[in-house]
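Participant: Below: one structure in structure tokens.
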Protein chains: 2
Amino acid sequence: MRFEVLGNDARTRARRGRLHLAHGTVETPVFMPVGTQATVKGMTTEQLQSLSVQILLCNSYHLMLRPGPETVAKLGGLHGFMKWDRPILTDSGGYQVFSLNKFRKVSDDGVTFQSHLDGTTYALTPENSMDLQVALGADIIMPLDDCLAYPATPEAAALSMRRSMDWAGRCSKRFRELMPEGQSLFGIVQGGVYPDLRKESAGRLVEIGFPGYAIGGLAVGEPNTEMYEVIEQVEPSLPEDRPRYLMGVGTPEDLVECVGRGVDMFDCVMPTRHARNGWLFTADGHIVIKHAEYKADERPIDEACRCPVCAKHSRAYLRHLFMAGEILASVLNTIHNLYFYLDTMERIRQFIEFRRFDELLAQVRKRAIRRT
Amino acid sequence: MRFEVLGNDARTRARRGRLHLAHGTVETPVFMPVGTQATVKGMTTEQLQSLSVQILLCNSYHLMLRPGPETVAKLGGLHGFMKWDRPILTDSGGYQVFSLNKFRKVSDDGVTFQSHLDGTTYALTPENSMDLQVALGADIIMPLDDCLAYPATPEAAALSMRRSMDWAGRCSKRFRELMPEGQSLFGIVQGGVYPDLRKESAGRLVEIGFPGYAIGGLAVGEPNTEMYEVIEQVEPSLPEDRPRYLMGVGTPEDLVECVGRGVDMFDCVMPTRHARNGWLFTADGHIVIKHAEYKADERPIDEACRCPVCAKHSRAYLRHLFMAGEILASVLNTIHNLYFYLDTMERIRQFIEFRRFDELLAQVRKRAIRRT
């Protein structure tokens, strides 16, 4: 893996970069659509390619339970299994164990939990999370971490962060033993909303040494402003020459705000999940397609949008599909929302290239105020 | 509308034809995928076009209830509403009233029923079923008919058939009053499994005069052999120069058998519904994709198939998508099954062109025996 910083913005921390991975080159800042179970829900790989998706995220947790790492490995890893030949990132599963399992048990060694599908007991350790992700074969893999509930006391946040840092060291060790070809392991900064803990965490990760650094434990319920502050506090501790990945974020406005604070990579279920719920992004905010006002509305979702759905379909038809519970509602809505996100990233990259990212930030903030 | 018989097979009743409709030309024999609610479940119109779908069937019943004919008409009829620019056929809704409504009341005037969605009472008459289908704007529309349960006594079948023939006359009258541009009304032969009744029905329809004739009331539970016999009995009563449409049929074998008995047009939910249930057609019968034997099977659904799904995806991946309840399972399975049906029709047309359709019939029968 190689990361180039192509250029920095004039008045913000935004930077334009290029990430060279085993399955291709990724222009950053980049948004990674989420393909939880080795599929971005409702999308064929051809549709994802025509949307210019550069890199996907898949969830190790779900794939560990079904179809299992052996099956994926036998079919040639995730790339062969889902027939996606561009880069993939897998998370460690730590977050899903935290969010989907009531009966998990965390110790210093790792976490045991029961499958949300059939109750089978599984154990995830830093070491076997590396084995799992090496079997899945993504270009970028993530260390197992201990996920913290929000809000958390400084004591709880410190304990959890230090455990995660120990695990990061064990992941790194196991990863170096395995030496998987074409894969890179990132580190994840933890520490809740506490600047000292975040700084300590970043320091420990940099000491271990990773080719990229994620900021974890955000977008878990804290106000946006608090999230932005944490990024501002963490950013100076992260090496300039390594990509920074903000996990699980966020709204289109979040993307712009966080790029301005130095973030290079994002993933979020928001565009795809909201699409299936009929929440569609537009330049002026969003529309909820089920609303009766769209029953006979001949206009596209967003008159300013150049996506294939807006080029063709009316709100009336999309509302009908949604009300009728049709699969095509999910498909078309997902195409639109992903296009919106990827187009936002494209504009972000262009504004940085012109070293005028502050203008995009100002536009986005003005529009947000106009809507309130 | 204009129908040409391009050629007849040498040793069967099969014929190769061409149907000129307002929205394009249809090569017959043809299979019409079902787009119940103005969408073939899971398919974009681009995907349908790339599968070479020539003509779709939509259900008036469902569209009457939701979004309603006014909405569809305002958006430019079904073609404008769903952005499908090739031909469409709508049924009258009579069959859905029969199959989806426990509390329907049929009289000589028409049928009243409660919406299966919200209980609202609706009335369908021969006249307003024409108004409805003219609002929807399909190239081919169908008269309201009285649907008969199977089995039925000769008396019940006679009553129902004669009522349907009265309605066909009223539909024809209303249709001629409306004179909708670019639309054609077919007749539907009824009469259950009784040759005399079928003959009487065909005679009455021919007397009224339609540009095409459907055979209704089949594929409702009778054995295949009985269905084939009815077609053989009806066929001589239908004008040679008009297309014949067998409603709601059937398996790939049924298509071949019925083409050999003179049928030109088919529609059926089987390829699309079976796809969503994981039942996938192959040259050697079918596979049920959820079976454990496919868990790590690297082969495509059908090694002889040239569809885009078989060109790319393994049974293992398709099984995973199905087991995980993923939308993409429905999408990919539907592409495959529709390709299989449309490819079967393509082969049917080729064998007729070579005047050797009996050879295809023999192949299909031999394969069916080999499987049992």
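The values are calculated or read from the model by the stated rules, or taken from the named source; none is laboratory data. The model shown is predicted, which means the values in this text are computed figures rather than measured ones. Note that each Cβ is placed from the backbone with ideal geometry, even for glycine, and that neighbours are counted across all protein chains shown.
Participant: Residue under question is A:LEU280, and the condition is that it be touching a residue at least 12 places away in the same chain (Cβ under 8 Å) and within 21 Å of A:MET142 (Cβ to Cβ); does it hold?
Facilitator: Numbers: touching a residue at least 12 places away in the same chain (Cβ under 8 Å): yes; within 21 Å of A:MET142 (Cβ to Cβ): no.
For A:LEU280, the condition - touching a residue at least 12 places away in the same chain (Cβ under 8 Å) and within 21 Å of A:MET142 (Cβ to Cβ) - is not met.
Participant: Next up: Among the residues of segment B:4-40, count how many are hydroxyl-bearing (Ser, Thr, Tyr) and part of a strand (DSSP E or B). Walk me through it before giving the result.
Facilitator: The first filter runs over segment B:4-40 and keeps only residues hydroxyl-bearing (Ser, Thr, Tyr), leaving B:12, B:25, B:28, B:36, B:39.
Of the ones still in play, those that are also part of a strand (DSSP E or B) are B:25, B:28.
Of the residues in that region, 2 qualify.
Participant: In segment B:257-273, is there at least one residue being outside any loop (DSSP other than H, G, I, E, B), among the β-branched types (Val, Ile, Thr), buried (at least 20 other Cβ atoms within 10 Å of the Cβ) and in contact (Cβ under 8 Å) with a residue 12 or more places away in the chain?
Facilitator: Looking for residues that are outside any loop (DSSP other than H, G, I, E, B), among the β-branched types (Val, Ile, Thr), buried (at least 20 other Cβ atoms within 10 Å of the Cβ) and in contact (Cβ under 8 Å) with a residue 12 or more places away in the chain, one finds at least one in segment B:257-273, hence yes.
Participant: Just to verify a result, which residue in segment B:312-331, among those that are more than 7 Å from chain A (Cβ to nearest Cβ) and in a helix (DSSP H, G or I), is surrounded by the most Cβ atoms within 10 Å (Cβ to Cβ)?
Facilitator: Going through segment B:312-331, the residues more than 7 Å from chain A (Cβ to nearest Cβ) turn out to be B:315, B:318-319, B:322, B:325, B:329.
Subsequent filtering for residues that are in a helix (DSSP H, G or I) retains B:315, B:318-319, B:322, B:329.
Details: B:ARG315: 22, B:LEU318: 27, B:ARG319: 25, B:PHE322: 22, B:ALA329: 24.
Per the stated criteria, the residue is B:LEU318.
Participant: Regarding segment A:348-363, can at least one residue be identified that is surrounded by 15 or more Cβ atoms within 10 Å (Cβ to Cβ), more than 10 Å from chain B (Cβ to nearest Cβ) and in a loop (DSSP other than H, G, I, E, B)?
Facilitator: Residues of segment A:348-363 surrounded by 15 or more Cβ atoms within 10 Å (Cβ to Cβ): A:348-349, A:351-352, A:355-358, A:360-361.
Then drop every residue that is not more than 10 Å from chain B (Cβ to nearest Cβ), which leaves A:348-349, A:351-352, A:355-358, A:360-361.
Okay, now just the ones that are also in a loop (DSSP other than H, G, I, E, B), so A:355-356.
Yes, there is a match, as at least one residue in segment A:348-363 is surrounded by 15 or more Cβ atoms within 10 Å (Cβ to Cβ), more than 10 Å from chain B (Cβ to nearest Cβ) and in a loop (DSSP other than H, G, I, E, B).
Participant: To continue, here is another question. If B:LYS295 satisfies every condition in (1) basic (Lys, Arg); (2) at the interface with chain A (Cβ under 7 Å from one of its Cβ atoms); (3) within 15 Å of B:TRP279 (Cα to Cα) but one, which is the exception?
Facilitator: Tallying (1) basic (Lys, Arg); (2) at the interface with chain A (Cβ under 7 Å from one of its Cβ atoms); (3) within 15 Å of B:TRP279 (Cα to Cα), B:LYS295 fails exactly one: (3).
Participant: Taking the options B:THR272, B:THR282, name whichever one is closer than 17 Å to B:PRO252 by Cα and within 11 Å of another protein chain (Cβ to nearest Cβ). Full working, then the answer.
Facilitator: On the way: B:THR282 fails: within 11 Å of another protein chain (Cβ to nearest Cβ).
Testing whether each residue is closer than 17 Å to B:PRO252 by Cα and within 11 Å of another protein chain (Cβ to nearest Cβ) leaves just B:THR272.
Participant: Restricting to segment B:280-289, give me the number of residues that are in a loop (DSSP other than H, G, I, E, B) and over 24 Å from A:VAL72 (Cβ atoms). Walk me through how you get there before you give the answer.
Facilitator: We begin by selecting, within segment B:280-289, every residue in a loop (DSSP other than H, G, I, E, B); these are B:283-284, B:289.
Adding the requirement that they be over 24 Å from A:VAL72 (Cβ atoms) leaves B:283-284.
Looking only at that region, the number is 2.
Participant: Which of the following residues is of a type outside the set (Lys, Arg), in contact (Cβ under 8 Å) with a residue 12 or more places away in the chain and surrounded by fewer than 17 Cβ atoms within 10 Å (Cβ to Cβ): A:GLY187, A:GLY212, A:GLY221, A:GLY191? Quick ask: steps written out before the conclusion?
Facilitator: On the way: A:GLY187 fails: surrounded by fewer than 17 Cβ atoms within 10 Å (Cβ to Cβ); A:GLY212 fails: surrounded by fewer than 17 Cβ atoms within 10 Å (Cβ to Cβ); A:GLY191 fails: surrounded by fewer than 17 Cβ atoms within 10 Å (Cβ to Cβ).
Of A:GLY187, A:GLY212, A:GLY221, A:GLY191, the one residue that is of a type outside the set (Lys, Arg), in contact (Cβ under 8 Å) with a residue 12 or more places away in the chain and surrounded by fewer than 17 Cβ atoms within 10 Å (Cβ to Cβ) is A:GLY221.
Participant: Within segment A:35-56, is even one residue touching a Lys or Arg at 6+ places or on another chain (Cβ under 7 Å), within 14 Å of chain B (Cβ to nearest Cβ) and modelled with pLDDT of 95 or more?
Facilitator: yes
Participant: Residues being out of contact with any helix residue (DSSP H, G or I) (no Cβ under 8 Å at 6 or more places or on another chain) and either within 28 Å of A:MET64 (Cβ to Cβ) or away from every other protein chain (no Cβ under 12 Å) (or both): count how many of those fall in segment B:299-311.
Facilitator: Of the residues in segment B:299-311, the ones out of contact with any helix residue (DSSP H, G or I) (no Cβ under 8 Å at 6 or more places or on another chain) are B:303-304, B:311.
Next cut, either within 28 Å of A:MET64 (Cβ to Cβ) or away from every other protein chain (no Cβ under 12 Å) (or both) only: B:303-304.
The total comes to 2.
Participant: Same structure, new question: If you scan segment A:82-112, which residues turn out to be free of Cβ contacts under 8 Å to residues at least 24 places away in the same chain and closer than 28 Å to A:ILE55 by Cβ? First the steps, then the outcome.
Facilitator: Our first condition is that a residue be free of Cβ contacts under 8 Å to residues at least 24 places away in the same chain; within segment A:82-112, this holds for A:101-105, A:107, A:109, A:112.
Answer for segment A:82-112, where residues must be free of Cβ contacts under 8 Å to residues at least 24 places away in the same chain and closer than 28 Å to A:ILE55 by Cβ: just A:ASN101.
Participant: Let me ask something else about it. With respect to A:VAL53, determine if the residue is under 21 Å from the mean Cα position of the chain (by Cα) and part of a loop (DSSP other than H, G, I, E, B).
Facilitator: On the way: under 21 Å from the mean Cα position of the chain (by Cα): yes; part of a loop (DSSP other than H, G, I, E, B): yes.
When the stated conditions are applied, A:VAL53 passes them.
Participant: Please go through segment A:102-113 and give me each residue that is surrounded by 15 or more Cβ atoms within 10 Å (Cβ to Cβ) and polar (S, T, N, Q), ordered by number.
Facilitator: Once the filter is applied, which keeps residues that are surrounded by 15 or more Cβ atoms within 10 Å (Cβ to Cβ) and polar (S, T, N, Q), segment A:102-113 yields only A:THR112.
Participant: Those residues that are touching a helix residue (DSSP H, G or I) at 6+ places or on another chain (Cβ under 7 Å) and either in contact (Cβ under 8 Å) with a residue 60 or more places away in the chain or of a type in the set (Lys, Arg) (or both), I need them from segment A:352-372; list them, please. Break it down into steps so the answer makes sense when it comes.
Facilitator: Filtering segment A:352-372 down to residues touching a helix residue (DSSP H, G or I) at 6+ places or on another chain (Cβ under 7 Å) leaves A:357, A:359-361, A:364, A:368.
Within segment A:352-372, A:PHE357, A:LEU360, A:LEU361, A:VAL364, A:ALA368 qualify.
Participant: Hey, can you tell me all the residues within segment A:82-110 that are within 21 Å of the chain's Cα centre (by Cα) and modelled with pLDDT of 95 or more?
Facilitator: Correct list: A:MET82, A:LYS83, A:TRP84, A:ASP85, A:ARG86, A:PRO87, A:ILE88, A:LEU89, A:THR90, A:ASP91.
Participant: Can you pull out the residues in segment A:64-74 that are facing chain B (nearest Cβ under 10 Å) and either surrounded by fewer than 24 Cβ atoms within 10 Å (Cβ to Cβ) or touching a strand residue (DSSP E or B) at 6+ places or on another chain (Cβ under 8 Å) (or both)? Steps first, answer last, please.
Facilitator: Start the filter on segment A:64-74 by keeping residues that are facing chain B (nearest Cβ under 10 Å), which leaves A:65-68, A:70-74.
Within segment A:64-74, A:LEU65, A:ARG66, A:GLY68, A:GLU70, A:THR71, A:ALA73, A:LYS74 meet the criteria.
Participant: Considering segment A:111-146 alone, what residues qualify as being touching a Phe, Trp or Tyr at 6+ places or on another chain (Cβ under 8 Å), in a loop (DSSP other than H, G, I, E, B) and closer than 14 Å to A:ARG170 by Cβ?
Facilitator: Once the filter is applied, which keeps residues that are touching a Phe, Trp or Tyr at 6+ places or on another chain (Cβ under 8 Å), in a loop (DSSP other than H, G, I, E, B) and closer than 14 Å to A:ARG170 by Cβ, segment A:111-146 yields A:MET142, A:PRO143, A:LEU144, A:ASP145, A:ASP146.
Participant: Could you tell me which numbered condition A:HIS23 fails, if it satisfies all but one of (1) surrounded by fewer than 24 Cβ atoms within 10 Å (Cβ to Cβ); (2) within 13 Å of chain B (Cβ to nearest Cβ)?
Facilitator: (2)
Participant: Here's a follow-up. Taking segment B:116-147 only, how many residues are in contact with a helix residue (DSSP H, G or I) (Cβ under 6 Å, 6 or more places away or on another chain) and either at pLDDT below 90 or surrounded by fewer than 16 Cβ atoms within 10 Å (Cβ to Cβ) (or both)?
Facilitator: Residues that pass the stated criteria total 2.
Participant: In addition: Checking B:VAL288 against (1) touching a His at 6+ places or on another chain (Cβ under 8 Å); (2) of a type in the set (Val, Ile, Thr); (3) away from chain A (no Cβ under 11 Å), which single condition isn't satisfied?
Facilitator: Single failed check for B:VAL288: (1).
Participant: Among the numbered conditions (1) over 14 Å from A:SER237 (Cα atoms); (2) crowded, with 24+ Cβ neighbours inside 10 Å, tell me where A:PRO180 comes up short.
Facilitator: That leaves (2) as the condition not met.
Participant: I'd like the full set of residues that are out of contact with any Asp or Glu (no Cβ under 9 Å at 6 or more places or on another chain) and of a type outside the set (Gly, Ala, Ser), limited to segment A:155-176.
Facilitator: A:GLU155, A:PHE175, A:ARG176
Participant: Condition check: assigned to a helix (DSSP H, G or I) and either at pLDDT 95 or above or more than 14 Å from every other protein chain (Cβ to nearest Cβ) (or both). Does B:TYR61 satisfy that?
Facilitator: On the way: assigned to a helix (DSSP H, G or I): yes; either at pLDDT 95 or above or more than 14 Å from every other protein chain (Cβ to nearest Cβ) (or both): yes.
For B:TYR61, the condition - assigned to a helix (DSSP H, G or I) and either at pLDDT 95 or above or more than 14 Å from every other protein chain (Cβ to nearest Cβ) (or both) - is met.
Participant: Quick check on segment A:333-343. Is at least one of its residues within 12 Å of another protein chain (Cβ to nearest Cβ), more than 14 Å from A:PRO33 (Cβ to Cβ) and either crowded, with 24+ Cβ neighbours inside 10 Å or not charged (D, E, K, R) (or both)? Explain how you work it out, then say what you get.
Facilitator: Initially, segment A:333-343 is screened for residues within 12 Å of another protein chain (Cβ to nearest Cβ), giving A:333-335.
Going one step further and asking which of them are more than 14 Å from A:PRO33 (Cβ to Cβ), we end up with none.
Looking for residues that are within 12 Å of another protein chain (Cβ to nearest Cβ), more than 14 Å from A:PRO33 (Cβ to Cβ) and either crowded, with 24+ Cβ neighbours inside 10 Å or not charged (D, E, K, R) (or both), one finds none in segment A:333-343, hence no.
Participant: Let me ask another. Just for segment A:76-96: of the residues that are part of a helix (DSSP H, G or I) and surrounded by fewer than 24 Cβ atoms within 10 Å (Cβ to Cβ), which one is nearest to the other protein chains (Cβ to nearest Cβ)? Working first, answer last.
Facilitator: Taking segment A:76-96 and keeping what is part of a helix (DSSP H, G or I), we get A:77-82, A:94-96.
Restricting the remaining residues to those that are surrounded by fewer than 24 Cβ atoms within 10 Å (Cβ to Cβ) gives A:77, A:79-80, A:95-96.
On the way: A:GLY77: 12, A:HIS79: 12, A:GLY80: 8, A:TYR95: 19, A:GLN96: 14 Å.
Looking at the filtered set, the residue picked out is A:GLY80.
Participant: Just checking, does segment B:290-310 include any residue being crowded, with 23+ Cβ neighbours inside 10 Å and part of a strand (DSSP E or B)?
Facilitator: So far as segment B:290-310 goes, no, none of its residues is crowded, with 23+ Cβ neighbours inside 10 Å and part of a strand (DSSP E or B).
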